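First up is the structure itself, then whatever we jot down about it.
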Amino acid sequence: MRLFDVLGPVMIGPSSSHTAGAARIGYTAQKLLGDVPAEADIGLYGSFATTGRGHGTDRALVAGLLGLRPDDPRLPDSFALAEEAGMKFTIHPVELRAAHPNTAVLTLKSKAGRTLVLKAASVGGGRIRVTEIDGVPADFGGDSNTLIIHNEDTPGCIAEVTMSLAQRRINIASMQVFRAAAGGYAVMVLECDSHIPHVLEQQMAVMPGIRKVTCLNIDEPEECEEG
Amino acid sequence: MSFLSCEEMLTAARSQNISLSEAILRSDLAESRLTEAHSREMMRHLWQVMQATSRDYDPAQRSRSGLSGGDAAKVEQAHQEGKSLGGDYLAAVTAEALKTAECNACMKRIVAAPTAGSCGVLPAVLLPLARSGEADEESICDALYVAAGFGQVIAARATLAGAEGGCQAEVGAASAMAAAALCHLKGGAPEQCAAAAAMALGNLLGLVCDPVAGLVEVPCVKRNVVGAVNAVSCANMALAGVDYAIPCDEVIDAMGRVGSLLSPDLRETGQGGLAATPTGVRIAQALAEQG
């Protein structure tokens, strides 16, 4: 374990898994959606569902969806902040099969009509794993610059994407490819060593066979500080 | 590479003729690729947050369950009235452990050290020394590196998660980290720091994780006090030259094994120990009914 994982993170209590991790899941989902959601349906599974309320898991998830980081002192007031921001949300338990005990399923819709369904688990010490994105399996931690591409499962798509990253001298740290069914719908998850420029995202979005491009830049400046 | 044993950590300090905190810092820089300035800045930030948590403590704050809050103020008040035992330092350590742990339960900002549930232990032993002028910021940050170094070894050889190892892995580990930090701060040799950590963890071996209603409140808040006071006593013993028969690495390994022998009921599930007492169960039911 890294030194600053042993000491740290700085977080709003009371629980690194149930509060800080939940806030990270919400924050990552908001980044992936690209906007504060207008509507959010939040499903809680396992220990999140049974002890989540007492740990502020619900408030932490909503705070994250508003763009608040896990150490933001406004986290306990997130329900009121959501109302101010015009974000409607519902929170309820869900039944999942073979999921990590601290799992949340977020179904989000932005004002612009963009949608995202994210399943993520809080795996300890405030760290998270995204395990499903729009119904397709995934596995990433949201602690690197991450590019997520939904594409048709056809030859050449992966080459096109990696080529355009190479042209911009962006190094790929890890890459995963998942698909719902052969010849159907696939997802690429690329964790990169440097910032992924917005213009590249737009370029990729219009490439043939690509349905949706989502980008998570961890080094991006805060966007939603007004709460 | 972070250290996989206390022995390696002590050897690194001894062979390079540097302090234990320096050895731990250098080893982390090699792995994290942070610059020394950046790492020290991050450590200072953690220390500043620890101070801010204590400073912003509000005696009127209560957790959502109503189970936590106000106790640190009571301890301070009693001490001011001359009603407490053990002198100024012990009273302050007790109050500070409660303050930070209560703040955690009340959804305030804390530093997980190593976990949120055990966040009160390290600040409790360090804050009074900073306040009295016995330790400056730099020596406290050095002591925090020592704490983190022992925490890393505990994470590598055993666990820091209550769900895996019980409370010995959280408050026990925090206590070992704090004992080593105090020993370093008071000029103890690396071997003495390791002895202090070994004693502190050894004293809390077997401590179960049994949160009432599954919340980080009862008994967690008060266990932070035990971790802190134990750390002070163990640092004192080590600084006096008292030895511990079992080496620190072996104590850590024993903690890991004890953790895996603990019934799941005693590992953060809220099913055993104090959580399973009639009163614990009643509290959990009452909170569930509130919804």
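In sequence order, region A:76-91 has phi-based couplings of x, 9, 5, 5, 5, 5, 5, 4, 4, 7, x, 9, 8, 9, 10, 10 Hz under the Karplus curve 6.51 cos²θ - 1.76 cosθ + 1.60, θ = phi - 60°, and Gly or Pro positions carry x. Considering only alpha-carbon pairs that sit under 8 angstrom and 6 or more positions apart, the relative contact order computed for region B:114-251 is 30 percent. Note on residue A:152 and residue A:115: with the Förster distance fixed at 25 Å, the Cβ-Cβ geometry gives a FRET efficiency of about 0.85. Largest GNM mean-square fluctuation among A:44, A:165, A:190, using chain A with Cα springs under 10 Å: A:165. Treating r as the C-beta distance of residue A:164 and residue A:218 and R0 as 22 Å, the FRET efficiency rounds to 0.60. The magnitude of the dipole of the protein assembly as shown, with charges of +1 and -1 set on the Cβ of Lys/Arg and Asp/Glu and taken from the Cα centre, is near 760 debye.
At an R0 of 45 angstrom, the distance between the Cβ atoms of residue A:205 and residue B:35 translates into a FRET efficiency of 0.75. Its residue count N sets the reference 2.2 N^0.38 Å, and the alpha-carbon radius of gyration of region B:132-284 equals 1.07 times that reference.
Taking only the C-alpha atoms of region B:231-291, the Rg (one decimal) and the largest Cα-Cα distance, Dmax (whole number), read 18.5, 54 Å. Over region A:83-180, all Cα pairs binned in 5 Å intervals from 0 give whole-percent P(r) values of 2, 9, 17, 19, 19, 16, 10, 6, 2, 0, listed from short to long.
Computed on chain B, with alpha-carbon pairs under 8 angstrom and 6+ residues apart, the relative contact order is 19 percent.
Selection among A:113, A:82, A:36 by position relative to the dipole of region A:3-133 gives A:113 as farthest towards the positive end (Cβ unit charges, Cα centre). For chain A, the calculated P(r), taken from all Cα-Cα distances in 10 Å bins from zero up to the bin holding the longest distance, is 8, 34, 36, 18, 3 percent. Once the trypsin sites (Lys or Arg not before Pro) in DSSP loops with at most 16 neighbouring Cβ atoms within 10 Å are cut out of chain A, the longest remaining piece is A:3-73.
In terms of overall dimensions, the C-alpha atoms belonging to the protein assembly as shown reach 74, 58, 43 Å along their principal axes, ordered largest to smallest. Let me test this: with uniform point scatterers at the alpha carbons of region A:3-133, what is the Debye-based log₁₀ I(q)/I(0) at q = 0.14 1/Å? Reported log10 I(q)/I(0), two decimals: -0.51. Normalised by the number of residues in region A:145-216, the average gap of Cα pairs under 8 Å and 6 or more apart makes the relative contact order 48 percent.
Loop-located trypsin sites (Lys or Arg not before Pro) in region B:74-161 (DSSP state other than H, G, I, E, B) with a sparse environment of at most 13 neighbouring Cβ atoms within 10 Å: B:83. The separation of region A:78-106 from region A:153-167, counted between C-alpha centres, amounts to 34 Å.
The three principal axes of the Cα atoms in region B:119-158 give end-to-end lengths of 36, 19, 10 Å, sorted in falling order. Inter-label distance, residue B:89 to residue B:138: 2.3 nm, where each label sits 7 Å from its Cα along the C-beta direction. Both radii come from the Cα set of chain B: Rg as radius of gyration, Rh as Kirkwood radius; their ratio Rg/Rh reads 0.97. The count of lysine pairs in the protein assembly as shown that are at least 8 places apart or cross chains, and whose C-alpha atoms lie under 16 Å apart, stands at 13.
Ordering A:48, B:123, A:218 by Cα displacement along the dipole of the protein assembly as shown toward the positive end leaves A:48 in first place; charges were set at the Cβ atoms of Lys, Arg (+1) and Asp, Glu (-1). Dividing the C-alpha radius of gyration of region A:145-216 by 2.2 N^0.38 Å, with N its residue count, gives 1.00.
Among the GluC sites (Glu not before Pro) in region A:165-224, those located in a DSSP loop and surrounded by at most 12 other Cβ atoms within 10 Å of their own Cβ are A:222, A:223.
The numbers here are math on the coordinates, done by the rules we state, and not lab data. Source: prediction; values computed, not measured. Neighbour counts run over all protein chains shown; Cβ positions are idealised from the backbone, glycine included.
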